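Enquirer: I have a structure I would like to understand better, so I am pasting it below and will then ask my questions one at a time.
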Amino acid sequence: MGKIEIKNVTYTYSKDTPFEKAALKDVSAVFEDNRITGLIGHTGCGKSTLVQLFNGLLVPDCGEVLIDGVNVSAKGTDKRALRFRVGLVFQYPEYQLFEETVAADIAFGPKNMGLDDGEIKRRTLEALKFVGLPPTILSESPFDLSGGQKRRVAIAGVLAMEPEVLVLDEPAAGLDPAGRDSIFGGIREYQKETGRSVIIVSHSMEDMAEYTDDIVVMQEGRVKASGRTKDIFRQREMLEEAGLSVPGITLFMTELKRKGGGIDVGVFTVSDAFEEIKKYVEGVKKQC
Amino acid sequence: MLRDITLGQYFPGDSVIHRMDPAVKILASVVYMVAVFLCRNIWSFAFILAASVFSTAVSKIPFRAVLKSMKPLVIILLITTFINVFFYEGETVLVSWHFIHITLEGILNALLIAVRIICLLIGTSVILTYTTSPIDITDGIERLLKPLAMLGVDVHIFAMMMAIALRFIPTLIEETDRIISAQKARGADFDSGNLVSRAKALIPVLIPLFAAALRHALDLATAMECRCYHGGEGRTKMNERKPKAGDFVLLGAFVIIGACVIIINKYAPGFNTGSVTGA
């Protein structure tokens with residue numbers, strides 16, 4: 001459950017004014033279910049616009065958005081019900097908190113779904129577990145928390161709706177490395193445990209290499225490439241054309257190979273690189 | 001959505017009106033407004049309407065954009081027209097039923113007042129708001145208010161506050177848009193229920209919006225202090241602007257329009273509006 005298909009979608013902002021801007025031009029893409037898909041692209045390539053089509057916040061000028069084969073961009077679709085199926089976490093979601101307590105803020109979405117108190121309580125605690133916050137935080141005011149904690153509470157507010165597809169726009173922007181790892185780690189755990197789909201928009205190639213199964217690359221309002229993460233990061237020229245790069249560790253490995261090491265450059269995470277270099281060093285030792 | 005609001009929006013362009021000195025433009029729009037209020041008969045109204053349309057053509061602002069900006073005005077137009085048609089005391093009674101008397105004068109008066117409101121909007125938006133960036137407008141106001149400095153008014157601070165306020169309108173609109181989207185994504189419902197529940201539905205938008213406004217204000221204050229902002233004393237402008245001959249020619253054109261209205265009022269025959277009420 002939770003497969004999203006985009007078919008020939010076009011979207012233009014401020015149509016018929018001097019500020020008209022085509023954000024998406026004939027975009028087609030598939031986001032498979034039960035896995036984490038990364039959406040990457042240079043600033044202004046239309047990533048954030050695309051994710052707002054998933055839950056009906058924006059309606060495409062033409063083209064179709066299909067969720068599990070059903071067109072949800074058609075007129076007469078219940079947009080509110082759709083928003084509970086596709087949970088969208090915006091950039092800097094901590095600025096949307098408004099309730100008096102963390103518990104009430106996380107419960108905002110589930111309450112709008114019309115769930116009873118017991119179910120809301122269960123979902124709140126489960127969401128807190130995934131974002132790595134203790135239940136004691138529930139009675140605090142969201143405005144007294146640190147930036148990172150606020151971010152987690154906001155993400156928990158969407159997780160608690162238990163959407164079929166979870167979409168996160170730059171969930172780790174502006175966080176320190178430990179904060180990034182913990183947020184992405186929680187998302188991966190959530191995906192594994194629930195088997196639901198997750199889509200992550202990000203600028204960080206390192207995070208994408210580490211945490212995603214598939215990647216969709218966008219450039220200037222079009223889809224440039226899509227496929228398994230390891231296949232995408234092998235295409236260095238294509239990524240550079242799109243204004244992106246491969247992860248830093250891959251660049252390092254390429255350089256190492258150029259210096260004469262017989263190693264595989266198709267590694268994209270630090271831990272894989274560690275294993276690869278260890279294997280190589282042990283191989284050299286044996287020859288001695 | 002909110003981003004489609006066009007009232008008071010700047011349309012970048014390169015026309016004679018765009019290039020005009022903003023201070024002179026403010027004077028010109030005042031002259032124009034006076035001219036609109038001086039109109040007293042059909043001919044002068046026709047003249048001022050033609051002048052408005054002509055200014056729009058000169059400014060190269062698309063007519064569609066000007067018409068679109070009038071959308072929020074429709075209700076006001078309808079109400080004033082309604083009141084004038086039904087309650088104007090005229091001589092030529094067309095329909096009389098109980099306390100309602102529709103007179104020929106009433107209908108004409110209603111029409112002219114509608115034209116007056118439309119002209120006011122077209123004129124001021126084409127001369128000023130559509131063709132002048134907010135920063136230029138505040139610069140113009142600052143220069144026009146300079147004489148007040150002698151009375152002890154801190155004109156620079158006043159202009160700076162206005163510039164900041166204008167500068168933050170689009171930022172806050174964008175922010176509002178974002179917060180609305182985010183709360184909608186959590187199932188917030190703004191379009192159904194009675195008045196009370198609709199007002200309540202705005203709380204999830206208003207609280208983050210206030211928080212954002214305060215955050216922006218504090219950030220800006222810090223940024224200004226870091227750059228040693230200390231008010232207008234000894235402060236110079238990057239682009240000193242002096243009105244050129246061409247600016248006065250255009251201002252003169254608007255004065256002539258006003259003069260024409262007075263002449264037409266006096267000599268052209270036709271229906272005269274009895275009062276200047278309703279606008």
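Enquirer: Out of all the residues in the range B:191-219, which are more than 10 Å from every other protein chain (Cβ to nearest Cβ) and either loosely packed, with under 14 Cβ neighbours inside 10 Å or touching a Lys or Arg at 6+ places or on another chain (Cβ under 7 Å) (or both)?
Expert: Within the range B:191-219, B:G193, B:N194, B:L195, B:V196, B:S197, B:R198, B:A199, B:K200, B:L214, B:A217, B:L218, B:D219 meet the criteria.
Enquirer: From A:M253, A:M238, grab the single residue that is of a type outside the set (F, W, Y) and more than 24 Å from the chain's Cα centre (by Cα). It would help to see each step written out before you state the result.
Expert: Working: A:M238 fails: more than 24 Å from the chain's Cα centre (by Cα).
Unique residue meeting the criteria: A:M253.
Yes/no per residue for (1) in contact with an Asp or Glu (Cβ under 8 Å, 6 or more places away or on another chain); (2) surrounded by 19 or more Cβ atoms within 10 Å (Cβ to Cβ):
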site	(1), (2)
B:V16	no, no
B:M20	yes, yes
B:S52	no, yes
B:S55	no, yes
B:L73	no, no
B:I83	no, no
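Enquirer: Right, next: Taking the range B:147-188 on its own, how many of its residues are more than 25 Å from the chain's Cα centre (by Cα) and surrounded by 15 or more Cβ atoms within 10 Å (Cβ to Cβ)?
Expert: 11
Enquirer: Something else about it: Counting only residues that are under 21 Å from A:L50 (Cα atoms), modelled with pLDDT under 85 and not polar (S, T, N, Q), give me the strands (runs of 3 or more DSSP E) lying completely in the range A:196-288 with at least 1 of them. It would help to see each step written out before you state the result.
Expert: Details: elements: A:197-201, A:214-219, A:222-228.
Correct list: empty, since no element meets the threshold.
Enquirer: Pick from A:G221, A:G243, A:G248, A:G195: which is in contact with a helix residue (DSSP H, G or I) (Cβ under 9 Å, 6 or more places away or on another chain) and at positive phi?
Expert: Numbers: A:G243 fails: in contact with a helix residue (DSSP H, G or I) (Cβ under 9 Å, 6 or more places away or on another chain); A:G248 fails: at positive phi; A:G195 fails: in contact with a helix residue (DSSP H, G or I) (Cβ under 9 Å, 6 or more places away or on another chain).
Only one candidate qualifies: A:G221.
Enquirer: Which condition breaks for A:R122 when tested against (1) more than 30 Å from A:S245 (Cα to Cα); (2) charged (D, E, K, R); (3) within 14 Å of chain B (Cβ to nearest Cβ)?
Expert: The failed condition is (3).
Enquirer: Which of the residues that make up the range B:242-259 are within 16 Å of B:L128 (Cβ to Cβ) and outside any helix (DSSP H, G or I)? Outline the logic, then answer.
Expert: Applying the first criterion (within 16 Å of B:L128 (Cβ to Cβ)) to the range B:242-259 yields B:243, B:247, B:250-251, B:253-254, B:257.
Result: B:P243, single match.
Enquirer: Another question about this same structure. Give the residue, chosen from A:A107, A:A103, A:A81, that is away from chain B (no Cβ under 14 Å) and either surrounded by 23 or more Cβ atoms within 10 Å (Cβ to Cβ) or of a type in the set (A, V, I, L, M, F, W, C) (or both). Lay out the reasoning, then the answer.
Expert: Details: A:A107 fails: away from chain B (no Cβ under 14 Å); A:A81 fails: away from chain B (no Cβ under 14 Å).
The match here is A:A103.
Enquirer: Continuing with this model, one more query. Return yes when A:E170 is over 24 Å from A:M1 (Cβ atoms) and out of contact with any Gly (no Cβ under 9 Å at 6 or more places or on another chain) and no when it is not. Full working, then the answer.
Expert: Working: over 24 Å from A:M1 (Cβ atoms): yes; out of contact with any Gly (no Cβ under 9 Å at 6 or more places or on another chain): yes.
So A:E170 fits the description; yes.
The values are calculated or read from the model by the stated rules, or taken from the named source; none is laboratory data. Remember, predicted model here, so these are calculated numbers, not experimental data. We place every Cβ from the backbone using ideal geometry, glycine too, and count neighbours over all the protein chains shown.
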